[in-house]
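Below you'll find the structure, written out as structure tokens, and then a few comments.
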Amino acid sequence: MAGVLPTTSTVPFPRRPLEASGAWERVRSWYESGLGWPTAPGVPVRLRTGVRFDVIDVPADAGHAALRRQEREFPVALRGERMLLLVAVGGADELPGLLDWLEWGSLTLDLRAVGAGGLVDAPLPPECDPPSSPPWPAGRDASQGAAVWLRPPGTDGEAEASLPTLSALGGAGTAPDLARLVHTLATQCHRLRLSRARR
């Protein structure tokens with residue numbers, strides 16, 4: 001039978017879902033091409049941690065109080081009532097030991113680390129308009145907890161050089177000291193916990 005098309009399609013499926021095109025692809029490109037940060041497939045765009053940075057996740061109130069005490073700037077995002085502080089790769093693995101060393105290990109603090117193998121929602125790039133129909137997870141939109149940059153990373157390829165790290169101890173580098181940051185965050189998380197307990 002000449003001219004009869006087969007019933008099964010041999011056309012390959014697209015690599016990413018169609019709804020990830022357009023605005024979402026510009027967001028993905030900003031991270032992958034502009035910063036060299038790997039993303040996970042799908043919508044919304046999610047950043048892979050443990051490759052170019054790790055994340056310390058704290059209550060936004062504690063994070064704001066801690067940032068007022070920081071002399072050097074580094075990338076920080078807000079997601080609803082949470083603050084995501086980007087730190088050097090390995091910072092998530094160091095967090096439990098640092099908390100013990102700083103004598104915070106015995107207390108339950110609302111302080112989490114996301115490291116190797118983790119994912120965090122990608123904040124919209126500063127110069128990017130929100131996608132017209134954002135598929136935020138489970139009813140979330142930009143006004144209800146989507147991640148936004150408080151301090152965006154620079155696009156000069158030096159974002160990682162500004163991340164808090166343990167190697168900043170006693171060094172003359174420009175990166176903030178991770179131990180000091182963790183101590184300040186733990187103090188602010190504990191103060192927040194105590195003030196909530198009094199209410």
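The values are calculated or read from the model by the stated rules, or taken from the named source; none is laboratory data. Every value quoted in this text rests on a predicted model; they were computed, and no experiment measured them. Positions of Cβ are generated from backbone atoms using ideal geometry, with glycine treated the same way; all protein chains shown enter the neighbour counts. Side chains included, ligands, DNA and RNA excluded: accessible areas come from the protein's heavy atoms. Shrake-Rupley method; radii C 1.70, N 1.55, O 1.52, S 1.80 Å.
For this structure, a couple of remarks:
- Residues being part of a loop (DSSP other than H, G, I, E, B) and under 14 Å from Leu124 (Cα atoms) - total across region 69-79: 1
- Listed by first and then second residue, the pairs linking a residue in region 94-105 that is over 11 Å from Ala186 (Cα atoms) to a residue that is at pLDDT 90 or above and crowded, with 18+ Cβ neighbours inside 10 Å, with Cβ atoms under 7 Å apart and 6 or more places separating them unless they lie on different chains, are Glu94/Leu178.
- Residue within region 146-153 that is open to solvent by 30 Å² or more (accessible area, probe 1.4 Å), of a type in the set (Gly, Ala, Ser) and either within 18 Å of Leu47 (Cα to Cα) or modelled with pLDDT under 85 (or both) present: no
- Going through (1) at pLDDT below 85; (2) charged (D, E, K, R); (3) surrounded by 13 or more Cβ atoms within 10 Å (Cβ to Cβ) one by one, Arg193 falls short only on (1).
- Considering region 23-41, the residues that are out of contact with any strand residue (DSSP E or B) (no Cβ under 8 Å at 6 or more places or on another chain) and outside any helix (DSSP H, G or I) include one that is most open to solvent (accessible area, probe 1.4 Å), namely Pro41.
- Restricted to region 41-87, and to residues there that are in contact with a Phe, Trp or Tyr (Cβ under 7 Å, 6 or more places away or on another chain) and of a type in the set (A, V, I, L, M), the residue that is farthest from Gly22 (Cα to Cα) is Val87.
- Cross-chain or 6+ apart pairs with Cβ under 7 Å, region 54-83 first and without any contact (Cβ under 8 Å) to a residue 60 or more places away in the chain and within 20 Å of Gly115 (Cα to Cα), then part of a loop (DSSP other than H, G, I, E, B) and open to solvent by 10 Å² or more (accessible area, probe 1.4 Å): Ala60/Glu81
- Within region 42-61, the set of residues being open to solvent by less than 10 Å² (accessible area, probe 1.4 Å), under 21 Å from Leu166 (Cβ atoms) and not in a strand (DSSP E or B) comprises Thr49, Phe53.
- Extreme residue, farthest from Leu166 (Cα to Cα), among residues of region 71-114 that are out of contact with any helix residue (DSSP H, G or I) (no Cβ under 9 Å at 6 or more places or on another chain) and open to solvent by less than 40 Å² (accessible area, probe 1.4 Å): Ala77
- Qualifying residues in region 162-175 (those that are of a type outside the set (Val, Ile, Thr) and at pLDDT 60 or above) - the one most open to solvent (accessible area, probe 1.4 Å): Ser167
- Matching residues, region 176-190, being open to solvent by less than 20 Å² (accessible area, probe 1.4 Å) and closer than 16 Å to Pro96 by Cβ: Leu178, Ala179, Leu181, Val182, Leu185, Ala186, Cys189
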